[in-house]
Structures are given as C-alpha cells and as structure tokens.
C-alpha cells in the first residue's frame with residue numbers, strides 16, 4: 001500500500017481540483033493561501049526534473065509562476081502551459097491549465113509538443129504540491145484532503161504518461177452507497193469534453209462516447225475508463241489495503257498525454273462531486 005494513502009487520512013486540505021467546461025477545457029487546482037509562498041519557492045527552482053524534461057523534449061526555457069504572466073514549459077507558439085496565478089472567493093490561489101488542441105482528428109502534423117509541455121508542467125506542479133505537507137496543520141483549517149494526484153511523462157510509447165491518484169477514506173465515505181455498479185455520467189462527460197479538446201473534433205458518436213465512463217463497483221471500487229487506446233483507465237490497487245483507509249487509483253495503458261490529461265479531467269470532476277461546495 002502506498003504510504004501516502006496512510007498519511008492522507010490525517011492531513012488537512014491544502015489543495016482541491018475542478019474542471020471547467022469552457023472553450024479550452026481547463027484543469028483548475030486551488031491551493032490554500034498558506035502554501036502559496038512555499039509553492040512559489042518550489043516552482044522557482046530549476047531542479048533535476050525541470051532539467052530532465054527540457055533535455056528529453058527540447059522544451060524552451062521553463063518560466064516560473066507569477067500573478068503577472070503565464071508559466072511552465074512553453075507550448076507551440078510560445079504559449080504558456082499555466083495561466084497567471086489567480087485567487088478565488090475564499091482567498092485560495094487558482095492555478096489554471098487550459099488543455100491544448102493537439103489536433104489528432106485530421107491535422108496533418110498534430111501538436112504533440114504542446115501536450116507534452118502541459119503534462120510536464122503538471123508533473124512538476126503536482127510534485128511540488130507533495131512537498132507542502134510540511135505546512136503546519138493548524139494553519140490549514142478543518143477540511144480534510146480528499147485526493148492526491150501524481151503524474152509524470154516520458155518520451156516513450158508504452159506507459160509514457162502515467163497518472164495515479166490516492167483517495168482518502170473521507171473521499172470514499174462521500175461516494176453514494178452502491179449495491180450494484182453505479183455510473184457517474186458527469187465524470188464521463190468531463191473526460192469526453194477534455195478528450196474532444198485534445199483530439200480536435202467532436203467524439204459524440206455513441207460507439208465512442210459511451211466508453212468515456214466512470215462507475216463504482218460495490219462497495220467502493222471506483223473505475224475510470226476511456227476509449228482511443230487499449231483498455232485505458234484508472235482502477236483501484238488492492239494490494240495491501242488496510243481497513244479504514246483509502247486506496248490508490250493506478251493507471252492502465254496511459255501511453256500519451258491524450259490519455260493522461262483526459263483522466264486528469266475525470267479526477268478533477270470527481271473532486272467536484274465529492275465536495276460540491278468548494
């Protein structure tokens with residue numbers, strides 16, 4: 001069992017996620033204001049991960065985050081992967097990541113560079129979020145952390161874009177009770193919309209669209225599935241799960257950013273379902 005699944009049960013919330021169904025289909029991460037300075041310090045450093053991504057993918061210079069400009073690894077046309085840092089009505093910081101248009105649906109030369117730049121930026125970002133556990137719990141409030149996301153990206157065709165999530169027991173308690181498999185069509189919709197943005201055209205043919213799905217197997221086994229690959233999805237890892245704790249969702253056949261970013265949109269929508277008041 002991932003040690004983080006054990007630690008997550010006792011951690012106050014320092015970030016949550018959302019998915020915006022706007023024109024660019026945007027992944028949104030909101031962070032507690034008390035982690036802002038530490039996050040900026042982490043993301044200012046051009047560490048080994050940043051250097052290795054630049055070397056592997058030939059990205060331009062990594063741009064540290066700011067309230068005044070976009071940041072991250074530059075996409076095609078020097079577009080920023082992350083938007084300038086904002087603030088929501090609670091005073092939490094908003095980190096917004098619009099999905100790029102790869103253009104697989106008919107473009108002669110798909111824009112893979114932008115997709116890999118966003119995946120690399122998000123990988124660095126979520127890694128920095130893991131380092132925020134040192135913030136004093138009393139500064140973060142009473143809400144519990146529901147989910148932790150981890151991802152990376154590599155220049156290879158098989159499992160080149162892994163993604164995983166840890167769900168806390170508190171997150172599982174918020175899922176509706178299920179005596180038979182229970183579908184979450186809103187998660188499937190979010191994944192389809194994200195994938196359409198990346199793909200470059202509508203994927204509303206029922207033979208494809210119905211395979212963007214999320215469902216709960218009793219009592220609390222959550223699965224996310226998407227087409228356009230070989231059984232691509234996220235499933236519970238049951239090895240060593242302990243009573244009273246959550247579990248890890250581990251990926252299957254996430255070979256490229258198209259898979260990874262689509263599933264991330266599903267996780268973001270899941271968080272909105274688990275905590276609709278945020």
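Let's see how each residue does on (1) in contact with a helix residue (DSSP H, G or I) (Cβ under 8 Å, 6 or more places away or on another chain); (2) over 26 Å from residue 135 (Cβ atoms); (3) outside any helix (DSSP H, G or I):
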site: 43; (1), (2), (3): yes, no, no
site: 77; (1), (2), (3): no, yes, no
site: 89; (1), (2), (3): no, no, yes
site: 94; (1), (2), (3): no, no, yes
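Taking residue 161 and the conditions (1) part of a helix (DSSP H, G or I); (2) within 21 Å of the chain's Cα centre (by Cα), which numbered condition does it fall short on, given that it satisfies the others?
(1)
Does residue 216 meet the test of being touching a residue at least 24 places away in the same chain (Cβ under 8 Å) and part of a helix (DSSP H, G or I)?
Numbers: touching a residue at least 24 places away in the same chain (Cβ under 8 Å): yes; part of a helix (DSSP H, G or I): no.
Here the answer is no, as residue 216 does not meet what is asked.
Taking region 219-243 as the region of interest, how many residues are touching a helix residue (DSSP H, G or I) at 6+ places or on another chain (Cβ under 6 Å) and outside any strand (DSSP E or B)?
First, the residues of region 219-243 that are touching a helix residue (DSSP H, G or I) at 6+ places or on another chain (Cβ under 6 Å): 220, 224, 226-227, 229, 232, 234.
Then drop every residue that is not outside any strand (DSSP E or B), which leaves 220, 227, 229.
The qualifying residues number 3.
Scan (1) at pLDDT below 95; (2) under 29 Å from residue 100 (Cβ atoms); (3) assigned to a helix (DSSP H, G or I); (4) in contact with a strand residue (DSSP E or B) (Cβ under 9 Å, 6 or more places away or on another chain) for the single condition residue 138 breaks and write down its number.
(2)
With the requirement that a residue be part of a helix (DSSP H, G or I) and loosely packed, with under 13 Cβ neighbours inside 10 Å, what does region 53-69 give you?
If we filter region 53-69 for residues that are part of a helix (DSSP H, G or I), which is where we start, we get 53-57.
Selection gives 55 alone.
Select from region 11-29 the residues that are buried (at least 22 other Cβ atoms within 10 Å of the Cβ) and part of a strand (DSSP E or B) and list them in ascending order.
Within region 11-29, 15, 17, 19, 27, 29 qualify.
Output the qualifying pairs, or none if there are none: Cβ atoms under 7 angstrom, residues six or more apart or on different chains, first residue in region 23-38 and farther than 13 Å from residue 190 by Cα, second residue surrounded by fewer than 22 Cβ atoms within 10 Å (Cβ to Cβ) and at pLDDT below 90.
Close Cβ pairs satisfying both conditions: 32/140; 34/135; 34/139; 34/140; 35/132; 35/135; 38/132; 38/135.
Can you tell me which residue is surrounded by the fewest Cβ atoms within 10 Å (Cβ to Cβ) among those in region 238-253 that are touching a residue at least 40 places away in the same chain (Cβ under 8 Å) and under 23 Å from residue 160 (Cβ atoms)? Step through it out loud before you land on a result.
Of all residues in region 238-253, those touching a residue at least 40 places away in the same chain (Cβ under 8 Å) come to 239-242, 244-251, 253.
Among the residues that remain, those that are also under 23 Å from residue 160 (Cβ atoms) are: 248-251, 253.
Numbers: 248: 21, 249: 24, 250: 17, 251: 21, 253: 12.
The extreme case among them is 253.
May I ask you to verify whether residue 224 is closer than 27 Å to residue 158 by Cβ, buried (at least 24 other Cβ atoms within 10 Å of the Cβ) and in contact with a strand residue (DSSP E or B) (Cβ under 9 Å, 6 or more places away or on another chain)? Give the derivation first.
Working: closer than 27 Å to residue 158 by Cβ: yes; buried (at least 24 other Cβ atoms within 10 Å of the Cβ): yes; in contact with a strand residue (DSSP E or B) (Cβ under 9 Å, 6 or more places away or on another chain): yes.
So residue 224 passes the test.
The values are calculated or read from the model by the stated rules, or taken from the named source; none is laboratory data. Treat the numbers as computed from the prediction; the structure is a model and nothing was measured. Cβ: placed from backbone, ideal geometry, glycine included. Neighbour counts: every protein chain shown.
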